Amino acid sequence: MPKLTQRAVDAIAPTGKQFTIWDSELAGFDVRVNAGGSKAFIAYYRVSGRQRLVTLGKHGKMKAEQARRLAFRHISNAVEGIDTASEEKKARKGQTVAQLGDRFLKEYVPVHLKPSTQAEYGRAVKLFIKPKIGSRKVADLDRSAVADFHHKLRDIPYQANRALGVLSKMMSQAEVWGLREEGSNPCLRVKKYKEEKRERFLSADELTALSDALDAEEADAPSAVAAYRLLILTGCRLGEIQSLKWDFVDLKDKVLRLPDSKTGEKTVYLGEDAIAVLKAIERIEGNPYVITGKKDGEYLTDLQKPWRRIRKRAGLEDIRIHDLRHTFASYGVGLGQSLPILGKLLGHTQAQTTARYAHLADDPVRAANAMVSTAIGDVLFGRKSQAKAASENKDALESDRQQPAA
């Protein structure tokens, strides 16, 4: 009887018959191997004179050490007269999705997710999951119920997909907490709605209109205006500028050194205009943030309200704050920057994320093609190019001026 480590269980070979191997250190903990070779971790214990057998999980989906910890909990509780399996079964039958959502937001989300993602999860639970299916029992929630929940949100496909993703994570965590059977996530194979990627970029005229609106609002909302200008000039995500600290700003090396972003640690390179914006921002003693809020020591939390006012003034009411990042990308491609370089500037970790801007590269290529084609056509069809014609006209005028008067 070996100790059932992960390596030891991985090495167990099937024999064509079902057999059991007991752990050498924890009495009551074993792995059962069936005739086909699949393995499952088992806990045996006796409580109130009754023998109990609990399947802890399948090998491949559960690690040996995780199974050992679960087995120890069942066996040690049995010594105290507690039937853990029965208690968990009662809990599975009684707990609602709303109760799971509260526990999920309290115990899982703050520990495992970034602050911006925490807010997204909280919104999905509070606005969609709890109101729609909060009264359902966690143990009884099945795929048809989840599909119906998703379908009822079809008019807001983006939010429907986000809510489905959060619910799936909740159901997976419910398995870890013993509220559902292992591998029973009802969200699996529920197809998400197709999402149309919106790509809106500011033209030169629109950028001028926005600039005028920012100038007009600067006296009333200096922090917000500075934030929008930095977003345009750096291509950063909203949260990266909104929560930017002075400690991350290195004006000597002309960079922002972000210790954490959506894609991890990130360096943002600064142009002269971005540096000028930063230098013009007043530093508030005791406040570590660049974009300061009304409360002491905090950053400006609401950049949406002033944005709605500014874009209305500019006549650009369909422009979102995130479109400023798209605008930065579009100008980069238009100036001939390659997609890998653009990906570096935007902080993308996946090439396919930057590839959405590939079609923008057609414009400079099209313009170059037109210039080359026209130059060849001028020779091929005997046309004079505008530049050559202008030069010949200039030469003719010079010749006329040099002729002596009759």
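Here, each number is a calculation from the coordinates, and none is a lab measurement. Nothing here was measured: the structure is a model prediction, and the numbers come from that model. Note: ideal-geometry Cβ built from the backbone for every residue, glycine included; neighbour counts use all protein chains shown.
The table for this structure:
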{"read-out": "Stretchable slack from Ala216 to Ala13, in nm (0.36 nm times residue separation minus alpha-carbon distance)", "value": "65.5 nm"}
{"read-out": "Inter-label distance, nm, simple model (7 Å from Cα along the C-beta direction), Ala119/Lys252", "value": "3.4 nm"}
{"read-out": "Charge context of Glu217, other residues only, Cβ under 13 angstrom, K/R +1, D/E -1", "value": "+3"}
{"read-out": "Loop-resident sites, the range 159-265, for trypsin sites (Lys or Arg not before Pro), counting at most 10 other Cβ within 10 Å (DSSP)", "value": "Arg189, Lys191, Lys194, Lys197, Lys252"}
{"read-out": "Residue (of Leu127, Ser76, Ala64) at the positive-pole extreme of the range 60-141, dipole from beta-carbon charges", "value": "Leu127"}
{"read-out": "Cβ charges +1 (Lys, Arg) and -1 (Asp, Glu), total dipole of the range 204-357, debye", "value": "420 debye"}
{"read-out": "Potential extension, Asp260-Lys137 segment - 0.36 nm per residue separation minus Cα distance", "value": "40.5 nm"}
{"read-out": "Rounded, prolate or oblate (a/c below 1.5 giving rounded, otherwise prolate when a/b exceeds b/c) for the range 95-176 by Cα gyration tensor", "value": "oblate"}
{"read-out": "Estimated FRET transfer efficiency when R0 is 45 angstrom, pair Leu26-Arg200 (beta carbons, to 0.05)", "value": "0.15"}
{"read-out": "Estimated vicinal HN-Hα couplings, Hz - the range 101-113 in sequence order (Karplus 6.51, -1.76, 1.60; Gly, Pro = x)", "value": "x, 4, 5, 4, 6, 8, 9, 9, 4, x, 7, 10, 10"}
{"read-out": "Under the Karplus curve 6.51 cos²θ - 1.76 cosθ + 1.60, θ = phi - 60°, whole-Hz ³J(HN,Hα) for the range 294-310, x wherever Gly or Pro sits", "value": "6, 7, 4, x, 10, 8, 6, 7, 10, 9, 7, 4, x, 5, 4, 5, 5"}
{"read-out": "Gain upon complete extension [Thr5, Lys295; 0.36 nm per residue less C-alpha separation]", "value": "99.0 nm"}
{"read-out": "Fewest-first ranking of Asp83, Asp23, Asp140, using other Cβ atoms within 10 Å as the exposure measure", "value": "Asp140, Asp83, Asp23"}
{"read-out": "Contact order normalised by residue count of the range 1-155, Cα under 8 Å, 6+ apart, percent", "value": "15 percent"}
{"read-out": "Spin-label model distance (nm) - Phe72 vs Gln304, 7 Å beyond Cα toward Cβ", "value": "4.6 nm"}
{"read-out": "Two-site FRET efficiency, Gln99 against Ala35, from Cβ-Cβ distance with R₀ of 41 Å, rounded to 0.05", "value": "0.50"}
{"read-out": "Dipole magnitude (debye, nearest 20) for the range 36-129, charges at Cβ of Lys, Arg, Asp, Glu", "value": "260 debye"}
{"read-out": "Label-point separation, Val372 to Lys58 (7 Å along Cα→Cβ), nm", "value": "5.7 nm"}
